[in-house]
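A short write-up of the structure that comes next.
Just so it is clear, none of the values below were taken in a lab; they were calculated from the coordinates. These numbers come from a predicted model, not from an experiment. Using ideal geometry, Cβ is built from the backbone for each residue, glycine included, and neighbour counts are taken over all protein chains shown.
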Amino acid sequence: MTNLLPLDFDFHQAIPLWKINSEAQIISREFTFTDFTKAFEFMSLCAQYANELDHHPDWSNSWNKVSVNLSTHSAKQITQLDIQMAKQMDIYALQISAHRPHDPLR
């Protein structure tokens with residue numbers, strides 16, 4: 001069973017760095033790392049977590065950038081699974097770049 005979000009869910013409070021597309025029912029973010037190795041490390045951590053959660057992102061990688069779209073396809077909307085995945089991706093991004101705080105994570 002998919003956990004649906006309340007109608008008054010505050011996306012900006014829960015995941016402030018993510019863009020919300022209410023019409024398409026997608027949350028998205030582009031992560032930028034120092035190099036391809038860091039981007040791939042991020043993707044590897046996220047892939048492992050996605051398998052554990054059984055909730056997989058739509059994403060792409062170009063050198064040091066990872067573009068992510070999250071939506072629960074079976075529910076045809078954004079659900080708690082997407083929020084959980086987004087929050088964990090934010091944590092992984094900070095962990096990978098924590099030693100270089102001057103590098104932006106956008």
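Brief remarks follow.
- Around the amide H of I26, modelled in the peptide plane, lie the amide H atoms of N21, all under 5 Å away and 5 or more residues distant in sequence or on another chain.
- Helix axis angle, 36-53 relative to the chain longest principal axis, alpha carbon, degrees: 30
- Multiplying the residue separation of L4 and Q48 by 0.36 nm and removing their Cα-Cα distance gives an extension gain of 13.5 nm.
- Rounded to whole Hz, the Karplus (6.51, -1.76, 1.60) HN-Hα couplings of the range 14-23, x for glycine and proline: 6, 9, x, 8, 9, 8, 10, 10, 5, 5
- Restricting the range 1-78 to chymotrypsin sites (Phe, Trp or Tyr not before Pro) that sit in a DSSP loop and have at most 16 other Cβ atoms within 10 Å of their own Cβ leaves F9, W63.
- Amide H within-cut-off set for T79, under 5 Å, with H built and near neighbours excluded: T72
- Degrees between helix 80-97 axis and first principal axis of the chain (Cα, 0 to 90, nearest 10): 10
- Cβ-defined net charge surrounding M85, 14 Å radius [Lys, Arg +1; Asp, Glu -1]: -3
- The chain: calculated mean residue ellipticity at 222 nm from DSSP helix runs of at least 4, using -39500 (n - 2.57): -12000 deg cm²/dmol
- Note on H73/D35: beta-carbon distance plugged into 1/(1 + (r/R0)^6) with R0 of 30 Å gives a FRET efficiency of 0.40.
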